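A quick write-up on the structure given underneath.
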Amino acid sequence: MANPRRKQFTQTSSSDDQPSGSTKHIVIDLRPRPEAGPGRTVEAWHNSAMSSQDYQPGIMIQQAGPNTMMEPILRSPQHDFPQYWEDDWIEMFPTFQGPNRFVETPSSAPRTLYFWENVWTERRIKAHAWQKMICQYKTSVKCRHDNVSLASQYTEPVITLKNKKGGFRKISVEELFHIPHLFYPPIILLQGNSGSGKSFIAQKIMLDWASEKHYLKDFDLAFYLRCEELMCLSEEMNLIELLSWNCSFSSDQISQMLQNSAQRVLIIIDGLDDLDDLRFMCHEFCISSNLERAPPEVIFCSLLQKQILPRSFLLITTRTEVPQGMLCIGQHRFFKIVGFCEKGVEEYFQKFFQDEELFRKAFKYLKANKSLFTFCSFPVICWIICTVMRERFNDGADVRSGLETTTSIYTDFVSTLLEHHCQGLSQSVLTMLRSLGQLAEKGMLEQQVLFDEKNMNETISDLTGSPFMCKFLSRRRIHQETMFSFMHRSFQEFFTALYYVLLDEEESQRKVRELLHTVERGWALSCWSDRDFSVAGLKTRHSKLLQPVILFLCGLCKTEWIPSFFKKHNMAVSVNIETQLKEWIDTCSQRYQNEHMLFILCCLYELHDKSFVGKVLEHLSSIDLSNIPLKNSDCWMLQFCLQNCVNISNLRLNITSENLKILQSALYSCKQLWLKVDHITDDTGDLISALAEGKIMKELM
């Protein structure tokens with residue numbers, strides 16, 4: 001079989017040094033050529049070409065004749081040129097088809113080859129300049145993302161992929177990129193709740209690419225787009241300008257990079273949470289050119305729809321549950337981040353404390369508290385608990401006391417920072433907390449997570465004294481602007497709830513009433529199957545963003561777990577606000593099921609009022625959680641609620657075999673059970689049989 005990398009040209013020559021009509025063969029061999037030695041014939045070189053590794057890169061031309069070959073060497077061992085340049089060389093060579101079925105070149109072939117040798121020299125220079133630019137870009141990426149946390153504390157959370165049978169398979173970050181080489185690469189959607197580690201993974205991938213890790217070797221270029229920053233922009237831009245926003249290069253340099261690597265580009269879009277809005281937008285607006293100007297969200301839509309850079313590889317992180325085929329054109333794969341597993345929590349603790357004795361002591365305390373251990377499956381809460389434990393070790397305080405709910409963990413962390421890192425402030429602690437709360441509420445209501453210096457100065461007088469805000473430089477067209485954000489979105493939610501507590505009684509009740517009304521209205525609209533996504537979708541998504549504020553308000557009602565620092569400053573929910581919250585929970589529990597019922601149960605857990613839990617649940621004819629695969633933390637919360645209820649008539653669950661064991665003791669009080677269990681083992685089968693004894697098992701899947 002003919003070598004596919006070898007092309008033969010035949011020409012008829014009428015030059016003076018050859019007989020008229022004689023034939024000269026020019027063979028262009030695209031294989032690497034070894035260095036010719038003294039006395040070696042071209043035929044001998046040709047026979048050993050495939051076995052010898054001793055060759056010099058470049059273009060070498062032999063004099064054409066009956067027993068010679070003209071063989072340009074187009075590629076070096078270092079792959080200086082993109083593969084497709086070889087094809088360009090052959091395509092640009094002036095040829096025509098002859099009767100002997102070989103491609104025939106005109107008599108100017110030697111001159112043409114000499115011309116292309118100069119072209120290749122110029123291309124080599126451009127290639128080296130391009131490689132130098134990429135190296136500079138990788139260096140800037142490493143400077144941007146190689147921070148202390150990524151370098152020393154990164155622990156990979158569990159990522160799952162749903163299989164065809166409905167079960168889930170654990171995969172690694174590297175496996176996200178184990179895909180067939182398709183003309184149009186699939187879009188990867190990585191979904192996870194707040195604090196599950198999405199942004200950490202996205203930044204780690206960028207750092208790994210810049211560090212030339214093997215699993216990302218197929219990408220010549222990688223870009224990281226932070227949605228919460230780009231969505232704040234009011235001006236329109238084109239794709240090139242958007243990619244250069246978080247990059248150290250100009251639009252012209254980015255454009256040049258894309259021209260050389262249009263088929264080997266990784267684009268990470270971190271925090272694309274407005275998927276309902278984008279679904280509506282994708283049907284109405286899209287651009288088809290890299291140079292067409294549009295708002296950032298329209299450019300995101302066009303990337304998802306493969307209207308621009310269709311052969312790029314997209315990885316998107318989002319908090320939103322993504323229905324199959326909602327946005328993407330072509331193939332797409334959905335993955336879910338579920339947080340740390342038990343080994344992941346242990347690994348993170350070890351990296352955080354570093355000192356082996358402190359690590360073992362802290363991890364021993366953690367293992368003794370199963371519910372607290374479960375909270376650590378969320379990376380952001382794991383970091384908070386580690387920080388609180390370290391400060392308590394330093395102060396000689398009890399490590400475990402008061403850390404029972406999400407709110408108690410946050411209040412303890414905030415009070416710890418206030419006591420240890422807010423000394424000598426120019427304003428009182430209450431003034432600073434009110435200012436932070438006012439800023440947080442403004443952002444929650446306007447769906448804003450980034451604040452400029454003007455917003456900060458309007459609410460916070462001492463910008464340098466707050467340990468809860470992060471400061472960074474955001475690039476603008478001709479300058480850089482200082483921007484601020486809370487250290488994590490969950491702290492913005494917490495300080496909003498705390499702000500309502502710190503207001504006077506009348507104003508506090510009014511704001512809480514509006515909050516509860518907004519959330520329930522979003523729930524009602526979400527139940528409409530034919531709702532208009534342009535209107536109702538916005539309200540539904542906004543209600544989801546506000547739900548954590550209600551959770552923190554419920555947690556602040558538990559005065560027994562409020563740190564002494566908070567009590568000293570009279571920071572606790574009033575009786576009237578607590579009554580307001582409980583009435584709302586009781587009413588909603590009788591109207592909603594599935595995801596809304598799960599949230600109500602979470603509120604009951606944060607309240608931690610056992611008598612109130614029993615009162616709410618005893619009036620329910622059924623609890624339906626069948627549409628939601630329950631996480632480990634959900635099961636511990638549900639266990640608390642069921643254990644404080646005398647009787648549950650009907651319970652429907654979607655659960656894993658491992659998590660079913662957590663609920664084992666609490667499920668005996670249920671009269672009817674509907675279970676969808678993933679990965680049923682022999683032990684699980686025995687457990688289900690024991691649970692079914694004396695009750696009705698309506699269905700088992």
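Restricting segment 585-653 to trypsin sites (Lys or Arg not before Pro) that sit in a DSSP loop and have at most 14 other Cβ atoms within 10 Å of their own Cβ leaves Arg591. Would you please classify the overall shape of segment 198-268 from the alpha carbon gyration tensor, given that a ≥ b ≥ c denote the square roots of the eigenvalues, rounded means a/c under 1.5, and beyond that prolate means a/b larger than b/c while oblate covers the rest? It is oblate, given that a/c is not under 1.5 and a/b is not larger than b/c.
Over the Cα atoms of segment 583-675, each weighted equally, I'd like the Debye log10 I(q)/I(0) at q = 0.17 Å⁻¹, rounded to two decimals. Debye intensities relative to I(0), on a log10 scale: -0.63.
In this label model, Asn457 and Arg510 are separated by 3.0 nm, measuring between points 7 Å along each Cα→Cβ vector.
Mind ranking Asp208, Asp355 by accessible surface for me, highest first, 1.4 Å probe?
From most exposed to least exposed: Asp355, Asp208.
At a Förster distance of 56 Å, what's the computed FRET efficiency of Phe393 paired with Gln259, Cβ-Cβ distance as r, to 0.05? Calculated transfer efficiency: 0.50. 3J(HN,Hα) couplings calculated from phi for segment 660-675 with the Karplus curve 6.51 cos²θ - 1.76 cosθ + 1.60 (θ = phi - 60°) are, in sequence order, 4, 5, 4, 8, 3, 5, 7, 7, 5, 7, 8, 6, 10, 10, 10, 10 Hz; Gly and Pro show x.
When you count, for each residue, the other Cβ atoms within 10 Å and take the mean per peptide, how do 547-554, 430-437 rank with the highest first?
Per-residue mean Cβ counts within 10 Å order the peptides as 547-554, 430-437.
Here the simple spin-label model places points 7 Å from the Cα toward Cβ, and for Cys232 and Cys527 these points are separated by 3.8 nm.
Would you work out if segment 517-649 is rounded, prolate or oblate? Take a ≥ b ≥ c from the square roots of the eigenvalues of the alpha-carbon gyration tensor; rounded if a/c is under 1.5, else prolate when a/b is larger than b/c, oblate otherwise.
It comes out oblate by the Cα gyration axes.
Among the listed pairs Lys631/Lys676; Lys442/Lys539; Lys204/Lys351; Lys544/Lys615; Lys471/Lys544; Lys454/Lys511, those with a Cα-Cα distance over 19 Å are Lys544/Lys615; Lys471/Lys544; Lys454/Lys511. Per residue, the Cα convex hull of segment 569-631 amounts to 98 Å³. The modelled label-to-label distance for the pair Tyr215/Lys370, using points 7 Å beyond Cα in the direction of Cβ, is 3.2 nm.
In plain terms, if you count all Cα to Cα distances in segment 362-506 and split them into 5 Å steps from zero, the share in each step is 2, 8, 18, 19, 18, 15, 10, 7, 3, 1, 0, 0 percent.
The values are calculated or read from the model by the stated rules, or taken from the named source; none is laboratory data. Predicted model only: the values in this text are computed from it and were never measured. Backbone-built Cβ (ideal geometry, glycine too); neighbour counts: all protein chains shown. Just so you know, the surface numbers come from the protein's heavy atoms only, side chains and all, with ligands and any DNA or RNA stripped out. Shrake-Rupley method; radii C 1.70, N 1.55, O 1.52, S 1.80 Å.
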